[in-house]
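Okay, so here's the structure we're looking at.
The values are calculated or read from the model by the stated rules, or taken from the named source; none is laboratory data. The structure presented is a predicted model; accordingly, all values stated were derived computationally and were not measured. FYI the Cβ positions are ideal-geometry reconstructions off the backbone, even for glycines, and counts take in every protein chain you see. Accessible surface is based on the protein model in full, side chains and every heavy atom, while ligands, DNA and RNA are left aside. Shrake-Rupley method; radii C 1.70, N 1.55, O 1.52, S 1.80 Å.
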Amino acid sequence: MHAAAATKLLLVFVFTSMVIIPHASSLRFHYINHHNLTTKTSTTSSSTSAHRSRDRRPSFALVRRDAVTGATYPSPRHAVLDLVSRDNARAEYLASRLSPAYQPTDFFGSESKVVSGLDEGSGEYFVRVGIGSPPTEQYLVVDSGSDVIWVQCKPCLECYAQADPLFDPASSATFSAVSCGSAICRTLRTSGCGDSGGCEYEVSYGDGSYTKGTLALETLTLGGTAVEGVAIGCGHRNRGLFVGAAGLLGLGWGPMSLVGQLGGAAGGAFSYCLASRGGSGSGAADAAGSLVLGRSEAVPEGAVWVPLAPSFYYVGVSGIGVGDERLPLQDGLFQLTEDGGGGVVMDTGTAVTRLPQEAYAALRDAFVGAVGALPRAPGVSLLDTCYDLSGYTSVRVPTVSFYFDGAATLTLPARNLLLEVDGGIYCLAFAPSSSGLSILGNIQQEGIQITVDSANGYIGFGPATC
């Protein structure tokens, strides 16, 4: 149904130069004022004010990690280096987790020490959720690559520091432990039986971070709406750098994710919009966007739909364009192979988009050729294409487009192409992948309403912006 609708639409939306159409775009360049990261183009745009005025959908705010942790940095460069460190760990985790050779780790029955590694990178966006009755407000990491919902709980035998007080199950009138013989317990990838017959769970994140505890049914308050009987992990042993979050809100494809558990209530759909970053590396930490659950609330009219592959959020990408010119890449470079390798994943936990080496080199070279004589600056970690724009009021950069299976095209907003790493120093926010997996990161998703319709197997882009 969505695919048929997409082929009949010719939609052009320009909001910080975002264009979404089911055919090739004719927009070749953006003009960027880097002092405030606003853009202008010579293309007229349809207004999005009608979408905003009619949008009374129930939603709750996404919050950037720095707003929760209170982290400050001496300079934007330090913030970017910290971001890149988290990003590398997250990309390695996804590559391992999505590898055809992946085997989940089973820690039950083993007393071996698990060494905590780097932050696995999923904690870029947080949401405020009420746990229990009466609700205890907690910050949870929003992760589209995870399936389990969990929070740290009293009594905590091993816990990391979090911004909120620990959740106490004894203080909730709706907390109900799940038995190890129940169907819910058997749904977990890694579970076991405790001494009292309760269901014990274990979730590890590939880098040494993990949570262990008991599975329970509990009431969650989401954006002012109480949802009863949600299966959550009550973690009594938790290790890792989850940057002040009380736990994790899994929005993955599996049955234990929040969307999977809501089922008919959510219609298998949710929508999110990541607000664009501020001009400095550590600024604009508060205004991070919104998350909406539910079919009637989340699915917008007029969105351009792209087929979505099962397991995680794979999208079919057929090519990339720079300056409205399709890059000469080998056929099938972005395809998901029969054994589960390769493919392109939409991920909110990864910031910088990762592409196969061939695709990244072609994109970088085309971008460099199109910007012309802009003064170069030294690279910063994995960001190897940087410019000193401190002496410019505005600059012209080429458009970057993703061509999806089914002829849909997404031309990215101009501000989603460059990341400020220091005063006036900007780097191309793309990087080569160390594996065959490509990741469409959150910098490239900013300012675009993205709707996931897992029940029907589609993901929608636009038309609303944030």
- Sorted by average packing, counted as other Cβ atoms within 10 angstrom per residue and highest first, what order do 432-440, 318-326 take? 432-440, 318-326
- Message: Can you give the FRET efficiency to the nearest 0.05 for S85 and Q357, using r as the Cβ-Cβ distance and R₀ = 22 Å?
- Response: 0.55
- Query: Quick one: ranking D384, D143 by accessible area, 1.4 Å probe, largest first, what do you get?
  - Reply: D384, D143
- Task: Show the residues, 5+ positions off or on another chain, whose built amide H is closer than 5 Å to the amide H of G289.
- Result: L62, A275
- Please check which bits of the stretch 421-462 a label hung off R97 would reach, taking the label as a point 7 Å along Cα-to-C-beta and the cut-off as backbone N under 17 Å. 434-443
- Message: With a 1.4 Å probe and all protein chains kept in place, how much accessible area does K154 have, in Å² rounded to the nearest 10?
- Response: 100 Å²
- Vicinal HN-Hα couplings computed from phi for the stretch 428-441 (Karplus, 6.51 cos²θ - 1.76 cosθ + 1.60; Hz; Gly/Pro x): 4, 8, 9, 8, x, 7, 7, 9, x, 7, 9, 10, 8, x
- S171 versus R186, label points 7 Å from Cα toward the beta carbon: distance in nm? 3.7 nm
- From the backbone phi of the stretch 319-326, what are the Karplus-calculated ³J(HN,Hα) couplings (6.51 cos²θ - 1.76 cosθ + 1.60, θ = phi - 60°) in whole Hz, Gly and Pro given as x? x, 9, x, 10, x, 6, 10, 5
- Give a quick list of chymotrypsin sites (Phe, Trp or Tyr not before Pro) in the stretch 364-407 that DSSP marks as loop, anything other than H, G, I, E or B, with at most 16 other Cβ atoms within 10 Å. Y392
- Out of residues 5 or more away from E202 or on other chains, whose amide H comes under 5 Å of its own, with H placed 1.01 Å from N in the peptide plane? T190
- With a point put 7 Å past each Cα toward its Cβ, work out how far S394 is from S133 in nm, to one decimal. 5.7 nm
- Task: Provide the per residue accessible area, probe 1.4 Å, for the stretch 370-466, rounded to a whole number of square angstrom.
- Result: 26 Å²
- Task: Please turn the phi angles of the stretch 346-361 into ³J(HN,Hα) values with the Karplus equation 6.51 cos²θ - 1.76 cosθ + 1.60 (θ = phi - 60°), one per residue in order, whole Hz, x for glycine and proline.
- Result: 7, 9, 7, x, 9, 8, 8, 5, 10, 10, x, 3, 4, 5, 5, 4
- Task: For S144, list long-range residues whose amide hydrogen, built 1.01 Å from N in the peptide plane, is under 5 Å from its own amide hydrogen.
- Result: L251, T348, G349
- Length gained when the stretch S434-A71 is fully extended (0.36 nm per residue, less Cα-Cα span): 127.8 nm
